[in-house]
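Written below as structure tokens is the structure these notes are about.
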């Protein structure tokens, strides 16, 4: 049973690398921001899977805070890019 | 037994949706289509994986926290991608050449590059006409 979670964790790590390719290659700045948002989503998912694999509930709290901070950061970057700030 | 089966199915489908999101991030031709892939498919993937975690732990406290994360993603993913797309359009990121409808461009919205007289950049493609 733990094997399936570990495999999912490895798959998500590979997907994070795949999104990082777009983060490095993206032709414009908003491209990179969108890729960063996808990386944040993947990190939240893998953090929750890590809570199951390690059997430590604290990772779920960490995932909540991470999602909240990534949303606030995304809003600030968007406002800054639109030159409204 | 049936519980583990449901957990595996949810985890597998969530991982597949995450794979689709990442492949869409890499392969889509345009910022806006990439954003579409990242926001919607990524949200569905996170929700399915959280459902698998809820079924795996089967405790009320963790289920509440996971439902909170689901609600938070459902609230914030559209807002975030809307803000990024708006900022990208205002700064003049080009649409894909196969785009059929560009309502904001047809309405004559001034982008920042049109407003500033110094930059000689052409406005974004107005393929909708």
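The values are calculated or read from the model by the stated rules, or taken from the named source; none is laboratory data. Computed from a predicted structure; not experimentally measured. Neighbour counts are summed over all protein chains in view; Cβ atoms, including those assigned to glycine, are modelled from backbone coordinates with ideal geometry.
Quick notes on this one:
- Qualifying residue in region B:94-102 (condition: closer than 30 Å to residue A:49 by Cβ, within 12 Å of chain A (Cβ to nearest Cβ) and at pLDDT 80 or above): no
- Yes/no for residue B:26 being at the interface with another protein chain (Cβ under 8 Å from one of its Cβ atoms) and buried (at least 23 other Cβ atoms within 10 Å of the Cβ): no
- Count of region A:21-35 residues which are more than 8 Å from every other protein chain (Cβ to nearest Cβ), under 14 Å from the mean Cα position of the chain (by Cα) and under 15 Å from residue B:24 (Cβ atoms): 1
- Of residues in region B:53-93 being loosely packed, with under 15 Cβ neighbours inside 10 Å and within 23 Å of residue B:30 (Cβ to Cβ), the one farthest from the other protein chains (Cβ to nearest Cβ): B:78
- Scanning region A:65-85 for residues that are within 14 Å of the chain's Cα centre (by Cα) and surrounded by 18 or more Cβ atoms within 10 Å (Cβ to Cβ) yields A:67, A:70, A:71, A:74.
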